[in-house]
Amino acid sequence: MLELPAYTEHLKEGILAEHQKNNNESIENPGPLQTYEENLSRGEFRIQQCKDCGQHVFYPRLLCHHCGSNLLKWVAVSGRGTVYSTAVVRQRPEKGGDYNISLIDLEEGPRLMSRVVDVDPDEVTIGMAVSAHVGMIDDKPAVLFYNKEQGDKEW
Ligand SMILES: [Zn+2]
C-alpha cells in the first residue's frame, strides 16, 4: 500500500469514494464500451448516434465528439464500408500466419480499425468495398469485414 503523508489522507478518501461511486454507477448503468461489447456478444454491431447533431459516433463514448452532446443513442448500422488504409502484419505460420489490419470508413461516417478476413492479407486494397460481420478476434467478439457484395447484411 502506498504510504501518503497524513495531510493527503482526505484526498485519498475522496479518490476512493469517487472510484466506488463510479463502480456502482457502472453496475447500474453500463458504460458505453460495455454496452458495445454486450451488443457484439449478441451478434449485433451497433454504434452510437447523436440525438442533437445526428452524426454517428465511434469509438463508444459518453459525449458526442462532433458537438459535445451527451444524448447518444445506439443504432444499427448498414455494415457497409470502404477500406481507407491497409497493412499486413507478418506473423509466423505457427502463430496463425499473416493477417490484415485495415482502417475502414463506415457508410455512416466513423472510421474503425478492423481486419478484412476473406481476402489474402496482401490483396486488400484502398477503396475496396467491405461489409461488417460480428466474428471473433482472440476469443472475443469483434467486428470483422468481408470483401463481399455490398448490401449483404449477414451479421
Ligand atoms: Zn452531436
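Principal axis extents for segment 80-146, Cα atoms only, whole Å, descending order, please.
That gives 37, 24, 15 Å along the principal axes, largest extent first.
Which trypsin sites (Lys or Arg not before Pro) in segment 66-117 pass both tests, a DSSP loop state and at most 16 other beta-carbon atoms within 10 Å?
Those that pass, being in a loop and sparsely packed, are Arg90.
Read-outs throughout are calculated quantities, based only on the coordinates presented, and are distinct from any laboratory measurement. A quick note: this is a predicted structure, and the numbers were derived from the prediction, not measured. Because the Cβ atoms are built from the backbone with ideal geometry, glycine has one as well, and the counts that use them run over all protein chains shown.
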